[in-house]
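The block underneath contains the structure these notes are about, expressed in structure tokens.
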Amino acid sequence: MNAVIENLPSYLEGFGLTLSLFAIAGAGALVLGTLVAALRISPVPGLSGAAAVYTEALRNTPLTLVLFFCAIILPYLGTTLPYFVAACVGLTLYTSPFVAEALRSGVNGVPIGQAEAARSLGMGFGQSLTLVIFPQAFRMVIPPLVNVLVALAKNTSVAGGFFVAELFTVGKKLANANGDNIIPILLGVAFFYLVITIPLGVLSARLEKRWVVQR
């Protein structure tokens, strides 16, 4: 394990960049995904149709292609974005439809009487959605949302192919430089990914237990 200990600063540098990608893209995907989910169930056909097209298009597009568009095509079109920012944008766009679909499944699980009661109290669509439906839907879909975030944490490794020196890229460089210690080097990379994913699983279990919804 000397190879891991000696290269710990490199690991921490890559882990910090991975954590930044995860935090920024995760927050952005939650916000954008919630907005898309709201549009999907909107009573306005044009908005729901546009949200459906957005969701299906990005869900069925490889992440590599999305990041290629953000990191290579956008600068070619005249948009100057640092590669880190482009990676954050690409990961946010790619992850948001999965958040939207998870949340929409939660909305479908909310009893229809809840929306009818909100309308009977004089609430509009936006009020009933934000004050009545979404709070219950989020409680129902904590495990799926956490699974989406876990997938996002692992998907940050794709950003390494677009000049972002995140954890997986650092691991490849260290493996190339320490050919006789490849297994410990890769185990070190796996350990730092587990530092992100295992706490997410623990948090999911605790929140699900605390906010269990009686159906």
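The values are calculated or read from the model by the stated rules, or taken from the named source; none is laboratory data. None of these values were measured; they are calculated from a predicted model. Quick reminder, even Gly has a Cβ in these numbers, built from the backbone with ideal geometry, and neighbours come from all protein chains shown. The accessibility values were calculated without ligands, DNA or RNA, using every heavy atom of the protein model including side chains. Shrake-Rupley method; radii C 1.70, N 1.55, O 1.52, S 1.80 Å.
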Q) Sorted by mean Cβ packing within 10 Å, highest first, what order do the peptides 193-202, 94-103 take? A) 94-103, 193-202
Q. Taking square-rooted eigenvalues a ≥ b ≥ c of the alpha carbon gyration tensor, is the stretch 145-184 rounded, prolate or oblate, where a/c under 1.5 means rounded and, failing that, a/b exceeding b/c means prolate?
A. oblate
Q.
Suppose a student asked you for the relative contact order of the chain, using Cα pairs under 8 Å spaced at least 6 residues apart; what percent would you report?
A. 30 percent
Q. LYS154: which lysines have alpha carbons under 25 Å from its alpha carbon, excluding same-chain residues fewer than 8 sequence positions away?
A. LYS172, LYS173
**Q.** Calculated from backbone phi, Karplus (6.51, -1.76, 1.60) coupling profile of the stretch 78-95 in Hz, x at Gly/Pro
**A.** x, 8, 9, 10, x, 4, 5, 5, 4, 5, 4, 5, x, 5, 5, 4, 5, 7
Q) Which listed residue (GLY161, ALA177, ALA118) has the Cα farthest towards the positive end of the charge dipole for the chain, taking +1 on Lys and Arg C-beta and -1 on Asp and Glu C-beta about the Cα centre? A) ALA118
Q. Can you tell me the accessible area per residue over the stretch 52-143, all protein chains present, probe 1.4 angstrom, in square angstrom?
A. 51 Å²
Q) In the Gaussian network model of the chain, springs joining C-alpha atoms below 10 Å, which of SER120, SER204, SER20 carries the largest mean-square fluctuation? A) SER120
Q) Can you list the HN-Hα couplings for the stretch 7-23, worked out from phi with the Karplus curve (6.51, -1.76, 1.60; θ = phi - 60°), rounded to whole Hz and with x for Gly and Pro? A) 9, 4, x, 5, 4, 5, 5, x, 5, x, 5, 4, 5, 5, 4, 5, 5
Q. Which residue, ILE183, ILE133, ILE142, has the most motion in a Gaussian network model of the chain that connects Cα atoms within less than 10 Å?
A. ILE183
**Q.** For the stretch 115-159 versus the stretch 1-52, the gap between their alpha-carbon centres in whole angstrom
**A.** 16 Å
Q | Percent carbon-and-sulfur accessible area, the stretch 118-207, ignoring ligands, DNA and RNA, probe 1.4 Å | A | 68 percent
Q. What are the ³J(HN,Hα) values, in whole Hz, obtained from phi via the Karplus relation 6.51 cos²θ - 1.76 cosθ + 1.60 with θ = phi - 60°, for each residue of the stretch 184-198 in sequence order, with x given for Gly and Pro?
A. x, 4, 5, 5, x, 4, 4, 4, 5, 5, 5, 4, 8, 6, 5
Q | Full-extension gain in nm, LEU35 to THR197, via 0.36 nm per residue minus C-alpha separation | A | 55.8 nm
Q.
When only alpha-carbon atoms are used, what values of Rg and Dmax, in angstrom, describe the chain?
A. 20.3, 70
Q: Rounded to the nearest 500, what is the 222 nm mean residue ellipticity of the chain from helices alone, with -39500 (n - 2.57) per DSSP H run of 4+ residues and division by all residues?
A: -24000 deg cm²/dmol
Q: About the Cα centre of the chain, how large is the charge dipole given +1 on each Lys and Arg Cβ and -1 on each Asp and Glu Cβ? Please answer in debye to the nearest 20.
A: 580 debye
(Q) Taking all protein chains in place and a 1.4 Å probe, what share, in percent, of the accessible surface of the stretch 1-92 do carbon and sulfur account for? (A) 73 percent
